[in-house]
1. What is the Å³ per residue value for the convex hull set by the Cα atoms of segment 24-129?
2. Ignoring ligands, DNA and RNA, what percent of the 1.4 Å accessible area of segment 4-145 is carbon and sulfur?
3. May I ask you to list the aspartates and glutamates whose Cα is less than 14 Å away from that of Lys114, ignoring any residue fewer than eight positions away on the same chain?
4. State in Å² the accessible area per residue of the chain; use a 1.4 Å probe, count heavy atoms of protein chains only, and round to the nearest integer.
5. Counting every Cα pair in segment 94-144, what percent are over 15 Å apart?
6. Within segment 63-124, which trypsin sites (Lys or Arg not before Pro) sit in a loop by DSSP and count at most 14 neighbouring Cβ atoms inside 10 Å?
7. Can you pull the three principal axis extents for the Cα set of the chain, in Å, largest first?
8. When only Cα pairs under 8 Å and 6 or more residues apart are kept, what is the percent relative contact order across the chain?
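The values are calculated or read from the model by the stated rules, or taken from the named source; none is laboratory data. Predicted model only: the values in this text are computed from it and were never measured. When we count neighbours, we look across all protein chains shown, and the Cβ atoms used for this are built from the backbone with ideal geometry, even at glycine. Heavy atoms of the whole protein, side chains included, go into the accessibility calculation; ligands, DNA and RNA do not. Shrake-Rupley method; radii C 1.70, N 1.55, O 1.52, S 1.80 Å.
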Amino acid sequence: MLITKNISFQYSTKDSLLKFPDITLSDNDNAVILGKSGVGKTTLLHIIAGLLRPKTGSVFFNDITIEKLSSKEKDQFIGQNIGMVFQKSYAVKTLNVVENLQARLYFAKEKNQKTLTYSLLEQLNLERCAKHKISELSEGQLQRLGIAMAVVHQPKLILADEPTSSLDDENCEAVMQLLLQQAKQNHANLLVITHDQRVKPLFQNVMAL
Ligand SMILES: Nc1ncnc2c1ncn2[C@@H]1O[C@H](COP(=O)(O)OP(=O)(O)OP(=O)(O)O)[C@@H](O)[C@H]1O
């Protein structure tokens, strides 16, 4: 369960204060947050992911207050419980596809689950690329690898930052179905932020920034 209360953020004293509406997601709930460019969507997602500290307010996830954790506890909590789909790929270029997934499992302190890793690659239609270098992947394959890296450690909260912005209608639908399917399979909360109105009908919970 994810709850945010009274969150605000300021990049510096000369920047304007960004204020965010409260969010409550019950277990297994999903939501999309829509908003125009520059309103603070990525900032909010980074606060929820523990990458930025809010000026006011708190983020609670499954009864843990993220800002109250020490930095070591926070790194461990985030590594194990949160999976993030970034706008741009953060795959390590010197590793192949399956090695990138193994590295993600290592950082989440999960055992190297070979069967699970290959089954995920199959679900995401990446099994033929398992040993490919990152530079050999198409844009669509890279995007699907981003999803695999976000979910391979079976996080309880999946955060996705503009996962469909550069995709045509067919791939937009496919990527969103994959994210929804992975969230359902892992009993995870899925929170997507986007300005892409095509995503709206796929969610019951729609919030605006
Ligand atoms: N590192 C930073 N330092 C100062 N200001 C920043 C920084 N990052 C973002 N901002 C500003 O904070 C505001 C919110 O930025 P943010 O990236 O969260 O918006 P967004 O809604 O995600 O935009 P987009 O849809 O274009 O990605 C913007 O006015 C932006 O210029």
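1. Details: hull volume 16.9 nm³, N = 106.
Enclosed volume per residue, from the Cα hull, is 159 Å³.
2. Working: 4120 of 8400 Å².
Carbon plus sulfur share of accessible area: 49 percent.
3. Qualifying aspartates and glutamates at Cα under 14 Å: Glu99, Glu122, Glu127.
4. Values: 11200 Å² over 209 residues.
With all protein chains present, the chain gives 54 Å² per residue.
5. Counting pairs separated by more than 15 Å, the tail of P(r) holds 42 percent.
6. Details: sites: Lys68, Lys72, Lys74, Lys88, Lys93, Arg104, Lys109, Lys111, Lys114; in loops: Lys88, Lys93, Lys109, Lys111.
Qualifying residues, ordered by number: Lys88, Lys93, Lys109, Lys111.
7. 47, 39, 34
8. On the way: 353 pairs, mean separation 64.1, N = 209.
So the answer I get is 31 percent.
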